[in-house]
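Beneath this line is the structure, given in structure tokens, with notes to follow.
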Amino acid sequence: MTPAPLHFAGERLLLDPAGALVWPAAQLLAVADLHLEKGTAYAARGELLPPWDTRTTLERLAGLLRRWRPRVAVALGDSFHDDRGAGRLAPGEASRLAAMTASAHFIWVLGNHDPSPPEGVAGEPVLEYRLGGITFRHIGKAGVAGEICGHHHPKAMVPARGCAVSRPCFVADSQRVMLPAFGAYAGGLDVRHPAIAALFPRGGRVFLLGRERLFSFSLGQTRAGAA
Amino acid sequence: MLGTLPEPFAGWFAGRGWAPRPFQLDVLAAAQARESVLLIAPTGGGKTLAGFLPSLVALHAAPREGLHTLYVSPLKALATDIARNLARPVQEMALPVSIETRTGDTPANRRQRQRQQPPNFLLTTPESLTLLLSLADAPTLFGGLTAVVIDEVHALAGSKRGDQLALGLARLASLAPRARRIGLSATVPHRRALLAYISPDGSGGARLIEAPDGAPPALSMMLPEGHLPWSGHMGLAGAPAILERIRQAGLTIVFVNTRAQAELMFQALWKLNDTTLPIALHHGSLELSLRRRVEAAMAAGSLRAVVATSSLDLGIDWGGVDQVIQVGAPKGVSRLLQRVGRANHRMDEPSRAILVPANRFEVLECEAAMLGVAARELDGDPPRPGGLDVLAQHLLCMACSAPFHPDAMYAEVSRASPYAGLTRQDFDAVLRFVEDGGYALAGYERYRKLFRDSEGRMHVRGERIARQARLNIGTIVEAPMLKVRLVGKRGRGGVLGEVEEYFANLLSPGDTFMFAGRLLRFHRLHETVIECSEGGAGDPMVPAYAGARLPLTTNLADRVRALLSAPGSWDAFPEAVQEWLRVQKARSRLPGRADLLVETFPRGDRHFLVAYCFEGRNAHQTLGLLLTRRMERFGYAPLGFVATDYVLATWSAHPPHDIFRLFEQDMLGDDLEAWLAESSMLRRTFRNVAVVAGLIERNHPGAEKTRRQVTVNSDLIYDVLRRHQPDHILLRATRADAAGGLTDLGRLAAMLARVKGRIRHMALSRVSPLAVPVLLEIGRESVRSAGSEDALLAEAEELVAEACAENDPYVPRVLRPNLVRQRRQADLFG
């Protein structure tokens, strides 16, 4: 796994191909939109999705914590699929999460899916989190600089050899970095959607997640242009 | 066993100058003996009337209230049409029979009334039948049922809709054990399977009644003038000759193979149509109202020709069609016969049809198909076991009607012939899936959809689950579609139809595309609607639809191989084709009937491999993906491949030499497993299975507008499920589906087994004549490389970096997959 360096707001950041952002100087790791317990939220409505989404997401997060050993872990909101999600964690998953929150200081940025602090989970719930010149927020605000956000679950489609490859991606310009959704059941929204495009009015770069590394394109290249 | 018609029926027949046909009387006699019947008769022979006659006679003798006869057809339109046709004899003989239709379009108040006061004849579809059976009052509604008429059985049996209907019929047999069945079918190769399908206990104990074949169809082949194309499937070069034939006849149906081809052929005909003959367009993605208008114009006799896809294959009897023109390869004998049968619906006169091949290989295929028709050698797949996803949907729906005991339900389901071989173990696994998801070690005790009472009966958990189950009924899962709407200067215009979402993603404002027989200019995508206006200039794109192309059938492929390997039979071919085959024989060799010819040759800086498998495009696609994966492993550095119905061609940086090892059967072992993990086709198959089985909802009340947000991504679920429970029942159902359909693994496996030890490798110094057509497909067909998606992304990234000067805004040149470009067509045919 080769992370991609990104100079942003005067800091050197790293984008991890697993879908996380790392700020080495601050010993900080950020992930967005874990959507834990999405499976059980659907099951409650009668859609019995396979129940291993929380386990899969937490295993991936544990891998990242082992690799980067951060002091601070920021979850950029929508960490649980709904406000009661934390209460539905299976015992095994709850203890796995407890081990993680013991190894790093967790900042739980609140999102629209989980507007209240998660019950029984260690860490610091906040509306937004500032460190140095950088603000961590769930939903990006147009016209602000130095912002790291999630919420939109960006994905991009890149034409390649007569077919198109679609992947979750980071979107970045000089003002803002938007993280892909990290949750195992979190789908994506195309970066061309107005909700995302409006936050990057002067274009930007997308970094598509690959198995070993990221693939970088300009926002314009994700469109199928005129042949 | 010839019976006679009672009055007033005999008089009514005589009054119209008709005599009842022997098979109609046979069906009547069988029905009066309470036997179930499979009636095989060509179209237009009074088949439908034969199905209803026993019920009409019975109700005339003993009028009664309540549901007497249920009619099920694959098409809503057919149900409506039959209702109209039946009204006439009922009215003219003043029979005490009420007739109504019940489909997805029936308004709610009429549905309500139908449940309280059912008509004598209810005409419906498999989906609506399942819905009726899921209601709590199903036993009352169907308790007095006497007969079930199943139309176009051949089109239903063997499909998932057929599975659904079979399960519905099994339930009906429990609710109304005395009801007899009549199946109406066109001629089919697998009679025993259809008999089993029709017989109430799945044993095949129904009576087979066959009407004599009509006069054999008069088929001929028409070649485009001048040069015979090497390649291409559109057949547009034939347009002038086709128009001439249209001019000479009353009403012509011009059948084509895909919706894209229909659009192009329609445009090509109108370009030449100086005398403005009324020629219309009909395909399945056009707005329903537009299609109905065309059908009405056909019936009224105000059209001279209709360019149509399979949307006109089945169903309504058009009467006045004088000839059928099939443009492009017929793909199968049964399909060709069905289409030809649309012309001249009188049994004693031959149907006239003209085949117009689009290229050289299609000349062979057309000739093979004509021989097949002459020999009455039908094709069609042997029956396959019923889908487990369909069973899951059915079980939930039945629980919605009333609690059931698993033992009784297993016995009932086993009486449906597609599920006759279902093991109790699989049944229980499906039931557990419906109950709580069937996930190992992680039961959803709190969330189950079904619960068991103390007597072991299964109940549905609550009205909400039942409501969702009813909304999810159906086995057809369509790719996400977007409506195409005309926007004029004066605001919003009408909806023309639908295109797939991927196509919309490829359009930029100002682009021109061809749809509904018009040239349209794309304005914008607004929510789920493509807004466009009339006109537009430049090179138009044509939307294509997934899975639109049927593969060549095994039977027809075999005939093509036989023709190729017997030079004595070549006299039937035009000189250009004969010459082509002679040169092939001299420079390389001809594909044999039982072997596999593989040619390799260098061309430019690439090394080509062409395998003449004749197993159809889907199987070749799969073979291409597996073969290039192996070539990668063997170090040949494959660069891409292209698959047609006849052959597969790959190209690589290094020459492939160990051809025999390359085609070994173990390809279906590890390589297949590795491929399945990331195959987009398997993911699409899983999505369909998951929706049908009710894992993912398709209809959430009020959710249509925000579809994108609420739909869970089935790819993500597939990944999680594969990782944690690879033997889950839905993954098994997905693998079973992959044996046919888009991956056609079954056919591929059979071929690899057959050609073992019979591979004829020709190492050539240059391209052979037979390989030219497939090489011409390169760049036109979507060319998928063997590389993983990551490799593709890396290549795209490099390409962009290479082509981009620093800070220079650059729009990459894009190959558009699945698009047919008219200009290119013209170039190649010119």
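The values are calculated or read from the model by the stated rules, or taken from the named source; none is laboratory data. What you see is a predicted model; the values in this text were computed from it and never measured. Cβ coordinates were reconstructed from backbone atoms using ideal geometry, including for glycine residues, and neighbour counts include every protein chain displayed. Note: accessible area is taken over every heavy atom of the protein model, side chains too, but ligands, DNA and RNA are not part of it. Shrake-Rupley method; radii C 1.70, N 1.55, O 1.52, S 1.80 Å.
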Exercise for the section: Pop a pseudo-label 7 angstrom from the Cα along the beta-carbon direction at both B:Leu277 and A:Arg211 and give the gap in nm to one decimal. Expected result: 5.6
Completion exercise
Excluding ligands, DNA and RNA, the carbon-plus-sulfur percentage of the accessible area of segment B:9-210 with a 1.4 Å probe reads 51
Problem - Three-way shape label, the protein assembly as shown, alpha-carbon gyration tensor, a/c 1.5 - result: oblate
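What does the average come to when, for each residue of peptide B:444-451, you count the partner chain Cβ atoms lying within 10 Å of its Cβ?
4
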Problem - Cα-centre dipole for chain A with unit charges at Cβ (Lys and Arg positive, Asp and Glu negative), debye to 20 - result: 740
Handout entry: Residue-by-residue Karplus 3J(HN,Hα) for segment A:89-94, coefficients 6.51, -1.76, 1.60, Hz, glycine and proline x
Key = 4, 5, x, x, 5, 4
Completion exercise
The ratio Rg/Rh over the Cα atoms of segment B:218-374, Rh being the Kirkwood inverse mean 1/r radius, stands at 0.93
Fill in the blank from the handout: In chain B, taking the dipole from +1 charges on Lys and Arg beta carbons and -1 charges on Asp and Glu beta carbons about the Cα centre, the listed residue (B:Ala429, B:Leu135, B:Ala218) farthest towards the positive end is B:Leu135
Problem - Mean separation of Cα contacts under 8 Å, 6 or more apart, over the residue count of chain B: relative contact order % - result: 11
Fill in the blank from the handout: For segment B:592-788, the percent of accessible surface on carbon and sulfur atoms (probe 1.4 angstrom, ligands and nucleic acids excluded) is 50
Practice task
Count, for each residue of B:714-726, the Cβ atoms from other chains sitting within 10 Å of its Cβ, then give me the mean as a whole number.
Solution key: 4
Fill in the blank from the handout: For the pair B:Asp322 and A:Ala98, the simple spin-label estimate (label points 7 Å beyond Cα toward Cβ) gives in nm 8.6
Practice task
Consider all pairwise Cα distances in segment A:1-113 and report the whole-number % of them above 19 Å.
Solution key: 47
Handout entry: Label-to-label distance, nm, for residues given as B:Arg524 and B:Ala479 (7 Å Cα→Cβ offset)
Key = 2.6
Problem - Global form of segment B:1-112, assessed from the alpha-carbon gyration tensor, a/c cut-off 1.5 - result: prolate
Exercise for the section: Mind listing the long-range amide H neighbours of B:Leu519? Cut-off is under 5 Å, sequence gap 5 or more, other chains count too, H placed in the peptide plane at 1.01 Å from N. Expected result: B:Gly535
Problem - Among the listed pairs A:Lys141/B:Lys483; B:Lys160/B:Lys756; B:Lys331/B:Lys585; B:Lys160/B:Lys331; A:Lys38/A:Lys155, those beyond 27 Å (Cα-Cα) - result: A:Lys141/B:Lys483; B:Lys160/B:Lys756
Exercise for the section: Distance between Cα centroids, segment B:437-475 to segment B:730-747: provide it in whole Å. Expected result: 27
Handout entry: Interface residues in segment A:7-45 - accessible area drops by 20 Å² or more relative to the isolated chain, probe 1.4 Å
Key = A:Thr40, A:Tyr42, A:Ala43, A:Ala44, A:Arg45
Exercise for the section: Any chance you could check the Cα centroid distance between segment B:578-613 and segment A:141-201 for me, in angstrom? Expected result: 49
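Find, to one decimal place in angstroms, the Kirkwood hydrodynamic radius of segment A:141-201, where the mean of 1/r is taken over every pair of different Cα atoms and then inverted. Kindly include the intermediate steps, with their values, before the conclusion.
Numbers: mean 1/r = 0.0823 Å⁻¹.
Over segment A:141-201, the inverse of the mean reciprocal pair distance is 12.2 Å.
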Exercise for the section: Output the antiparallel fraction of DSSP beta bridges having both residues in chain B, as a percent to the nearest 5. Expected result: 45
Practice task
Would you mind working out the accessible area per residue for the protein assembly as shown, using a 1.4 Å probe, and quoting it in Å²?
Solution key: 39
Completion exercise
Percent antiparallel among DSSP beta bridges confined to chain A, nearest 5, equals 60
Exercise for the section: Note down the accessible area of A:Trp52, probe 1.4 Å, to the nearest 10 Å². Expected result: 10
Exercise for the section: Would you please give the residues with an amide H less than 5 Å from that of B:Leu597, counting only those at least 5 places away or on a separate chain, with H modeled from the backbone geometry? Expected result: B:Gly592, B:Tyr612, B:Arg760
Handout entry: Spread of Cα-to-Cα distances over 10 Å intervals beginning at zero, given as percent, for segment B:9-210
Key = 9, 38, 39, 13, 1
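Could you check what % of the DSSP bridge pairs in the protein assembly as shown are antiparallel, to the nearest 5?
Values: 72 of 148 bridges.
For the protein assembly as shown, the DSSP antiparallel bridge percentage is about 50.
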Exercise for the section: Per DSSP H run of at least 4 residues, take -39500 (n - 2.57); add these up for chain A, divide by its residues and hand me the 222 nm value, nearest 500 deg cm²/dmol. Expected result: -5000 deg cm²/dmol
Practice task
Provide, in order from the shortest bin, the percent of all Cα-Cα pairs of chain B in each 20 Å bin, continuing until the bin that contains the maximum pair distance.
Solution key: 14, 45, 35, 5, 0
Problem - Relative contact order %, segment A:79-227, counting alpha carbon pairs below 8 Å whose residues are six or more apart - result: 16
Exercise for the section: Indicate the gyration tensor shape class of segment B:481-542 (rounded, prolate or oblate), computed on the Cα atoms with a ≥ b ≥ c the square roots of the eigenvalues: a/c under 1.5 is rounded; otherwise a/b larger than b/c is prolate and the rest oblate. Expected result: rounded
Practice task
Could you work out, residue by residue across A:186-195, how many beta carbons of other chains sit within 10 Å of that residue's beta carbon, and then give the average as an integer?
Solution key: 2
Practice task
Tabulate in residue order the Karplus-calculated ³J(HN,Hα) for segment B:658-663, using 6.51 cos²θ - 1.76 cosθ + 1.60 with θ = phi - 60°, rounded to whole Hz; enter x for Gly and Pro.
Solution key: 7, 4, 5, 5, 4, 9
Handout entry: Amide proton proximity set for B:Met221, modelled H, under 5 Å, gap of 5+
Key = B:Leu355
Exercise for the section: Normalising by the residue count of segment A:150-224, find the relative contact order in percent from Cα pairs under 8 Å and 6+ residues apart. Expected result: 35
Problem - Segments B:360-372, B:423-435 sorted - mean Cβ within 10 Å per residue, highest first - result: B:360-372, B:423-435
Completion exercise
What one gets for chain A as the Kirkwood radius, inverse of mean 1/r over different Cα pairs in Å, is 17.7
Problem - FRET efficiency for B:Leu208 and B:Arg446, using Cβ-Cβ distance with R0 set to 60 Å, rounded to 0.05 - result: 0.70
Practice task
Using 0.36 nm per residue of separation minus the Cα-Cα distance, give me the extension gain between B:Lys585 and B:Arg464 in nm, one decimal.
Solution key: 36.8 nm
Completion exercise
In chain B, taking the dipole from +1 charges on Lys and Arg beta carbons and -1 charges on Asp and Glu beta carbons about the Cα centre, the listed residue (B:Gly462, B:His526, B:Ser768) farthest towards the positive end is B:Gly462
Practice task
Provide the per-residue ³J(HN,Hα) series for segment B:194-204, in order, calculated from phi with Karplus coefficients 6.51, -1.76, 1.60 and θ = phi - 60°, each as a whole number of Hz, with x at glycine and proline positions.
Solution key: 5, 4, 5, 4, 7, 6, x, 9, x, 8, x
Exercise for the section: Calculate the dipole size of chain B relative to its Cα centre from +1 charges on Lys and Arg beta carbons and -1 charges on Asp and Glu beta carbons; express the result in debye to the nearest 20. Expected result: 1360
